[in-house]
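The values are calculated or read from the model by the stated rules, or taken from the named source; none is laboratory data. Everything numeric in this text was worked out from a predicted model, so none of it was measured. Cβ sites come from the backbone with ideal geometry, for glycine too, and all protein chains shown count toward neighbours.
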Amino acid sequence: MSTRSSALSGARGGTLIEVLLALVVLAVGVTAATQLLVEAFAADSRTLQRERAGMLLSDLSEGAQAIPAAAAAYDTGTYAGAPQSQPCVNQGGCTAAQLAEHQLASWLQHAAGELAGTRDGPAGGSVSSVAGDGIHSLRARLQWGDRGDLTVGADAIAIVADPIPES
């Protein structure tokens, strides 16, 4: 009987080792699958940020084209500080430049709220304007954070024709 009991105890030990090895293999597999899910969610988040940036740039371009007389007012470099929201928008009586400044201020605020911040602060944007021969070229740039360390951006160029004077 001693031979049989030692054979059984060896079989039990082998089975326990097999179970432990299977658990290790399962843990490695679950860890790898979890890492894949994390990467997929991060890629989805980056794609969503790019889509939001594209929509914001498109909104600004459409707004600038709707107020062509004030294309120069979209240049963020022309303001001592940040462009300001204009109360005349709700009350009426805004000039084209005030409407453009209000839209620019709103656009920058949306960019900061919609896009992830960078390590240096919130997301932001800038617009530069170049005029010539009755056409303004606006270059809009958005910057936002990606994976904590990286700063990514998107650019758009809008061509705004000065309005034809009425005769």
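Gly63 - would you say it is in contact with a helix residue (DSSP H, G or I) (Cβ under 8 Å, 6 or more places away or on another chain), at pLDDT 85 or above and over 21 Å from Pro122 (Cα atoms)?
Yes, satisfied.
On the basis of being assigned to a strand (DSSP E or B), among the polar types (S, T, N, Q) and within 30 Å of Arg46 (Cα to Cα), does Ser137 make the cut?
Yes: the conditions hold for Ser137.
Which of the residues spanning the stretch 68-113 are under 27 Å from the mean Cα position of the chain (by Cα) and either in contact (Cβ under 8 Å) with a residue 60 or more places away in the chain or not in a helix (DSSP H, G or I) (or both)?
Residues satisfying the conditions are Ala71, Ala72, Tyr74, Asp75, Tyr79, Ala80, Gly81, Ala82, Pro83, Gln84, Ser85, Gln86.
Residue-wise test of (1) hydroxyl-bearing (Ser, Thr, Tyr); (2) over 30 Å from Ala154 (Cα atoms); (3) assigned to a helix (DSSP H, G or I); (4) touching a strand residue (DSSP E or B) at 6+ places or on another chain (Cβ under 6 Å).
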position	(1), (2), (3), (4)
Leu16	no, yes, yes, no
Ala22	no, yes, yes, no
Gly29	no, yes, yes, no
Phe41	no, no, yes, no
Thr47	yes, no, yes, no
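Yes or no, residue by residue, for (1) of a type in the set (Phe, Trp, Tyr); (2) under 21 Å from Gly113 (Cα atoms); (3) modelled with pLDDT of 85 or more:
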residue: Phe41; (1), (2), (3): yes, yes, yes
residue: Met55; (1), (2), (3): no, yes, yes
residue: Pro68; (1), (2), (3): no, no, no
residue: Thr76; (1), (2), (3): no, yes, yes
residue: Thr95; (1), (2), (3): no, no, yes
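Take the conditions within 33 Å of the chain's Cα centre (by Cα) and either part of a loop (DSSP other than H, G, I, E, B) or free of Cβ contacts under 8 Å to residues at least 24 places away in the same chain (or both) and apply them to Gln65. Does it pass?
Spelling it out, it is not the case that Gln65 is within 33 Å of the chain's Cα centre (by Cα) and either part of a loop (DSSP other than H, G, I, E, B) or free of Cβ contacts under 8 Å to residues at least 24 places away in the same chain (or both).
For Ser167, are the conditions met, namely being at pLDDT below 85 and in a strand (DSSP E or B)?
Spelling it out, it is not the case that Ser167 is at pLDDT below 85 and in a strand (DSSP E or B).
If you go through the stretch 114-134 one residue at a time, how many are touching a residue at least 60 places away in the same chain (Cβ under 8 Å) and either assigned to a strand (DSSP E or B) or in contact with a Lys or Arg (Cβ under 8 Å, 6 or more places away or on another chain) (or both)?
Counting residues in the stretch 114-134 that are touching a residue at least 60 places away in the same chain (Cβ under 8 Å) and either assigned to a strand (DSSP E or B) or in contact with a Lys or Arg (Cβ under 8 Å, 6 or more places away or on another chain) (or both) gives 5.
Quick one: Gly145 ticks every box in (1) among the small types (Gly, Ala, Ser); (2) in contact with a Ser or Thr (Cβ under 9 Å, 6 or more places away or on another chain); (3) under 18 Å from Val160 (Cβ atoms) bar one, so which box is it?
(3)
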